[in-house]
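Have a look at the structure below, then the notes.
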Amino acid sequence: MNTLNARYGHTNLVARDWRSLAAFYEQHFGCVPVPPERDYRGPDLEAGTGVPGAALQGAHLRLPGHGPNGPTLEIYQYQPPLEGLPPVVNRPGFGHIAFVVDDVPQARETVLGAAGRSVGEVVTLQTSDGRRVTWCYVTDPEGNIVELQAWSDAPSPPG
């Protein structure tokens with residue numbers, strides 16, 4: 001039941017340098033900017049965020065594969081900034097963003113060549129219905145965890 005008549009809208013990513021992080025997601029994952037750029041400050045933003053003196057700049061990027069009205073990745077850079085904990089995959093809360101790619105090892109090398117870092121190795125797991133997912137975790141240039149994944153159907157039964 002959807003008593004709120006809700007639909008997914010966006011995920012927010014707080015960046016140290018929103019322009020360079022947005023460029024990374026545009027160039028390597030095909031995200032598309034959704035105007036206008038945002039530049040907010042003042043009492044209403046402070047009241048809404050609960051952050052005294054808050055100011056933010058950034059933009060929304062349309063995520064690939066869901067058409068012109070699909071969800072976005074909202075990348076904001078806040079003032080004043082806070083330093084975060086290093087990202088790890090098993091900390092409670094939002095852990096990573098995932099992109100389906102054609103070739104996980106190739107996508108991993110592309111991300112690593114664009115100032116991303118490796119979190120783990122490329123592995124393949126099999127679901128209980130026989131489908132296989134090849135995946136790995138990497139980070140974007142700011143250390144946020146990104147999952148790269150590719151799915152294959154269950155093998156046909158012999159015969």
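The values are calculated or read from the model by the stated rules, or taken from the named source; none is laboratory data. Note that the coordinates shown come from a computational prediction; the quantities given were computed from them, not determined experimentally. Because the Cβ atoms are built from the backbone with ideal geometry, glycine has one as well, and the counts that use them run over all protein chains shown. Remember, those area values only see protein heavy atoms, side chains included, never the ligands or the DNA or RNA. Shrake-Rupley method; radii C 1.70, N 1.55, O 1.52, S 1.80 Å.
What chymotrypsin sites (Phe, Trp or Tyr not before Pro) does segment 78-117 have in DSSP loop regions with at most 15 other beta carbons within 10 Å?
Working: sites: Tyr78, Phe94, Phe99; in loops: Phe94.
Those that pass, being in a loop and sparsely packed, are Phe94.
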*Can you work out ³J(HN,Hα) from phi for every residue in segment 100-115, in order, using Karplus 6.51 cos²θ - 1.76 cosθ + 1.60 and θ = phi - 60°, giving whole Hz and x for Gly and Pro?*
7, 10, 6, 9, 4, x, 5, 4, 4, 4, 4, 5, 5, x, 10, 6
*asked:* Which residue, Leu125, Gln106, Pro87, has the largest displacement toward the positive end of the dipole of the chain when charges sit on each Cβ (Lys, Arg +1; Asp, Glu -1)?
replied: Leu125
*Quantify, in whole percent, the carbon and sulfur part of the accessible surface of segment 1-139 (1.4 Å probe; protein heavy atoms only).*
55
*State, in angstrom, two size descriptors of segment 26-159 derived from its alpha carbons: Rg to one decimal place and Dmax to the nearest whole number.*
18.5, 70
*Which residues' amide hydrogens lie under 5 Å from the amide hydrogen of Asn12, considering only partners 5 or more residues apart or on another chain, with H built in the peptide plane?*
Glu74
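With a 1.4 Å probe and every protein chain left in place, work out the accessible area per residue of segment 20-75 in Å², rounded to a whole number.
Heavy-atom accessible area per residue stands at 53 Å².
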